[in-house]
Amino acid sequence: MDPNGISYSVSHRDVKFPRLEFKTGNLLLILPFGTEPDSLLDKHGKWISKKIEFIKACLKEAPNKKLVERTREEFKDLIYSSVKKISRELGEKLNKIYFRTMKTKWASCSSNKNLTVNMLMSHLPEHLIKYIISHEISHLKEKRHTEEFWRRIARRFSTYQKLEKDLFVYWFQVSKALPSLNSAR
């Protein structure tokens, strides 16, 4: 914990530039070997505080989100039909779809056009699942979260910021229920 009361952990890695991550709601400083966290914390203190307040608000909201119960087959059918429709709308074709449980993201799309879907998505409302799929397929045109990427997303989802927040809130709800969800499978 730093003098401002910010709790964080540090991971020294073979990286060129330091970065901050809040992937699971906790602050992780990824630093090049031999680098100390103080200057990074000072430089990004306002951003970190803002993010912590956002996380607190999401944690407060999480208990109000109801998890959806679907069978594995229902979930896979929803994914395949959504991918087919969204791929056609975006003019992209995926290679393969993989299903697995992931610790830090809802889904990912590789440069080989393979979509990996987090099985925990099965507990999300259908509109959020479709948003995630559209988001990932959009990465085939724009690899990173650039301004152009978000403009693309905004054309399809004018309220994408709210959807992103809802996904963050649901992440806390699903993570809390994780042990019982895994034993139910």
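The C-beta contact set for region 69-96 (first residue more than 15 Å from C109 (Cβ to Cβ), second residue of a type in the set (D, E) and outside any loop (DSSP other than H, G, I, E, B), distance under 7 angstrom, 6+ apart or interchain) comprises L78/E126. Of the residues making up region 124-139, those that are over 12 Å from the mean Cα position of the chain (by Cα), within 14 Å of V174 (Cα to Cα) and surrounded by fewer than 22 Cβ atoms within 10 Å (Cβ to Cβ) number 1. If you go through region 44-72 and keep only what is more than 25 Å from E164 (Cβ to Cβ) and either of a type in the set (F, W, Y) or over 22 Å from the mean Cα position of the chain (by Cα) (or both), you end up with just T71. Here E142 fulfils each of the conditions (1) under 26 Å from S175 (Cα atoms); (2) in contact with a helix residue (DSSP H, G or I) (Cβ under 6 Å, 6 or more places away or on another chain) apart from (1).
How about region 120-161: which of its residues are β-branched (V, I, T) and more than 20 Å from K103 (Cα to Cα)? It would help to see each step written out before you state the result.
Of the residues in region 120-161, the ones β-branched (V, I, T) are 129, 132-133, 137, 146, 153, 159.
Answer for region 120-161, where residues must be β-branched (V, I, T) and more than 20 Å from K103 (Cα to Cα): I137, T146, I153, T159.
Can you tell me which of L94, L78 is in the same structural domain as R144 (by TED's automatic domain parsing), surrounded by 15 or more Cβ atoms within 10 Å (Cβ to Cβ), under 21 Å from H145 (Cβ atoms) and not basic (K, R)?
Going through L94, L78 in turn, the sole match is L94.
Apart from one condition, K51 fits all of (1) over 25 Å from F17 (Cα atoms); (2) in a helix (DSSP H, G or I); the exception is (1).
One residue alone among K105, K85 is over 18 Å from K165 (Cβ atoms) and out of contact with any helix residue (DSSP H, G or I) (no Cβ under 8 Å at 6 or more places or on another chain), and that residue is K85. Does L29 satisfy the condition of being of a type in the set (A, V, I, L, M) and over 19 Å from the mean Cα position of the chain (by Cα)? The answer is no for L29.
The values are calculated or read from the model by the stated rules, or taken from the named source; none is laboratory data. Given the structure is predicted, the values throughout are model-derived calculations rather than measurements. Here the Cβ is made from the backbone with ideal geometry for all residues, glycine too, and neighbour counts use every protein chain on show.
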